[in-house]
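Q: This is the structure I have questions about; it appears just below.
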Amino acid sequence: MTEVLKVSTPKHTCAVNITSEVRKVVGKSGVQDGLCIVYVPHTTACVFINEGADPDVLRDILYMSEKLIPWSDPNYEHAEGNSAAHIRSSIIGNSRVIPVSGGDLLLGTWESIFLAEFDGPRQRKVLVKIIKED
Ligand code: ZN
């Protein structure tokens with residue numbers, strides 16, 4: 001089964017914690033053991049897993065993504081003007097696989113799943129697919 005989550009991103013550059021929504025899909029699936037695939041079908045947004053307890057970690061990740069890949073660069077050629085968003089999303093990646101055990105995500109204590117937005121605010125889709133282990 002695949003469920004499509006709709007996520008509104010509030011700012012141009014931000015990260016939205018989607019862990020509880022992904023957990024709900026796992027619960028609804030009834031799968032006890034297997035894999036959860038989280039896939040973002042966009043070119044300027046992506047998904048990552050990192051600390052969800054201290055919001056400063058997110059702030060630092062976004063700060064450094066902007067510092068390493070600046071929004072403006074005289075050598076960018078993409079006419080839409082959002083090359084940085086494409087590059088940041090490519091580097092972070094548009095999917096993650098999380099083990100499912102005992103009917104729940106096997107995330108680490110401090111881990112959360114984030115949709116990263118680099119060209120918002122927008123309405124984004126996140127595909128969540130649960131695969132049952134034989
Ligand atoms: Zn573009």
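Q: Residues of segment 99-134 being in contact with a strand residue (DSSP E or B) (Cβ under 7 Å, 6 or more places away or on another chain) and of a type in the set (Gly, Ala, Ser), which ones?
A: Ser112, Ala116, Gly120
Q: To continue, here is another question. Can you confirm whether Asn82 is away from the ligand (no atom under 15 Å from the Cβ) and out of contact with any Cys (no Cβ under 7 Å at 6 or more places or on another chain)?
A: Spelling it out, it is not the case that Asn82 is away from the ligand (no atom under 15 Å from the Cβ) and out of contact with any Cys (no Cβ under 7 Å at 6 or more places or on another chain).
Q: Could you tell me which of the residues Arg124, Arg88 is modelled with pLDDT of 95 or more, in a helix (DSSP H, G or I) and among the charged types (D, E, K, R)?
A: Within the list Arg124, Arg88, the selection yields Arg88.
Q: Please find, among Pro99, Pro55, Pro74, Pro70, the residue that is surrounded by fewer than 15 Cβ atoms within 10 Å (Cβ to Cβ) and within 16 Å of the ligand (Cβ to nearest atom).
A: Pro70
Q: For Lys11, indicate whether it is of a type in the set (Lys, Arg), open to solvent by 20 Å² or more (accessible area, probe 1.4 Å) and assigned to a strand (DSSP E or B).
A: Against the criterion (of a type in the set (Lys, Arg), open to solvent by 20 Å² or more (accessible area, probe 1.4 Å) and assigned to a strand (DSSP E or B)), Lys11 does not qualify.
Listed here are the residues, each with its yes/no results for (1) over 18 Å from Leu5 (Cβ atoms); (2) out of contact with any His (no Cβ under 8 Å at 6 or more places or on another chain); (3) of a type outside the set (A, V, I, L, M).
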residue	(1), (2), (3)
Ser29	no, yes, yes
Ile37	no, yes, no
Ala45	no, yes, no
Asn50	yes, yes, yes
Ser65	yes, yes, yes
Pro74	yes, yes, yes
Leu106	yes, yes, no
Asp119	yes, no, yes
Lys132	yes, yes, yes
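The values are calculated or read from the model by the stated rules, or taken from the named source; none is laboratory data. Worth saying up front: this structure is predicted, and the values here are computed from it rather than measured. Backbone-built Cβ (ideal geometry, glycine too); neighbour counts: all protein chains shown. For accessibility, only protein heavy atoms count, side chains too; no ligands or nucleic acids. Shrake-Rupley method; radii C 1.70, N 1.55, O 1.52, S 1.80 Å.
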